[in-house]
Amino acid sequence: MIASFGTRAAEAACSASDCPSVPANIAFGITAAIMIYAAFRVVTTKNIVHAALFLVLVLSGVGVNFLLLQAEFVAVTQILVYVGAIIVLFLFGIMLTRAPLGRSDDLDNPRNRPAGIAAALISLVVLAGSVIATFSDTEVALDGPNSVEAVSDSIFGPYLIPFEVLSVLLLAALIGAIVLARKD
Amino acid sequence: MLLNQFLLLSAVLFCIGIYGVVVRRNGVMVLMSIELILNAVNINLVAFGANTGTPMGQVFSLFVIAVAAAEVGVGLAIVLLIYRNRHSIDIDELDELKG
């Protein structure tokens, strides 16, 4: 009885999508390490162009995480919008403000560094503590391959009005950016 | 895969972004740190959506991506305007509101 219970528990632990997800876990570990290093370099590097290029690494890693969570459409959108458009916008912003392209020591405000470290550490402790206390061993339930279909049904079904409002917001942001940035 | 691993990664990215927003003094770098924060939120949304088995998380993260694109456009326009008026984008020098 006890032995069969133990075997069943072991089977449950192994069949609850734990054993098949070992490659996914390895991929997650590698991506997470690269992302954390790159994010750290984004906020600490002395070269502003390097910060933009490290941001590319972080954003691509977020896309890989979306793929691991079987959110293909969001992953492709992430790569297209962020890596394709927003990074180019950042590089244009760096160029147009004539930022120092080489190494420069005045990108940081040293007086704010203790406050920044304190804010980051406190929020990390609070966030990580609450996450660990709440979802200690919840498995991500990844289901069928119909994720894109479900997303499109949601966007053009119950979320149609927010979607249209969002397109108006994008138009307003476009016109606002042109009005702000044009010369006269 | 555990839900926790995605949530912890996103918490770490969020806190690194907060550090960047507080410490950086270049306007463009502050916008980059805000992008880090928004991406951490997106990972959270998609992970919770996968956990509940509904596409809502993905829909909301798509909305966040679109709003972030609009935010970067307007933000960079504002930074350009500041540069044109003051020939510097050091946000520590923008203290006209200080009494």
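Expressed in nm to one decimal, what extension gain is obtained for the pair A:ALA85 and A:ILE132 from 0.36 nm per residue of sequence separation less their Cα-Cα distance?
Answer, rounded to one decimal: 13.4 nm.
Specify the inter-centroid distance of the range B:17-96 and the range A:116-134, based on alpha-carbon positions, in whole Å.
About 20 Å separates the Cα centre of the range B:17-96 from the one of the range A:116-134.
Filter the GluC sites (Glu not before Pro) in the range B:18-99 down to the DSSP loop ones having no more than 10 other Cβ atoms within 10 Å, then list what survives. Before the final figure, lay out each step's value.
Numbers: sites: B:GLU35, B:GLU71, B:GLU93, B:GLU96; in loops: B:GLU96.
Hits after loop and neighbour filter: B:GLU96.
In nm, to one decimal, how far is the A:ASP106 label point from the A:VAL168 one, both placed 7 Å along Cα→Cβ?
About 4.5 nm separates the two model spin labels.
What does the convex hull of the Cα atoms come to per residue for chain A, in Å³?
Convex hull of Cα atoms, per residue: 196 Å³.
Over 21 Å, how big is the tail of the calculated P(r) for chain B, in percent of all Cα pairs?
45 percent
Within 10 Å of each Cβ of B:29-39, how many other protein chain Cβ atoms are there on average?
Working: counts 12, 0, 4, 13, 5, 0, 8, 9, 0, 2, 11.
Going residue by residue through B:29-39 and averaging, the value is 6.
Calculate the FRET efficiency for B:GLU93 and A:LYS183 from the Cβ-Cβ distance with a Förster distance of 25 Å, rounded to the nearest 0.05.
0.65
For chain B, run through the trypsin sites (Lys or Arg not before Pro) and keep only the ones in DSSP coil with at most 16 other Cβ atoms within 10 Å of their Cβ.
Answer by residue number: B:LYS98.
Looking at the range A:153-184, which chymotrypsin sites (Phe, Trp or Tyr not before Pro) are in a loop (DSSP not H, G, I, E or B) and have at most 12 other Cβ atoms within 10 Å? Before the final figure, lay out the partial values.
Numbers: sites: A:PHE156, A:TYR159, A:PHE163; in loops: A:PHE156, A:TYR159.
Those that pass, being in a loop and sparsely packed, are A:PHE156.
How do A:HIS50, B:HIS87 line up, fewest other C-beta atoms within 10 Å first?
B:HIS87, A:HIS50
No value in this document is a laboratory result; all are computed from the given coordinates. Source: prediction; values computed, not measured. With ideal geometry, Cβ positions are generated from the backbone for all residues, glycine too; neighbour counts draw on all protein chains shown.
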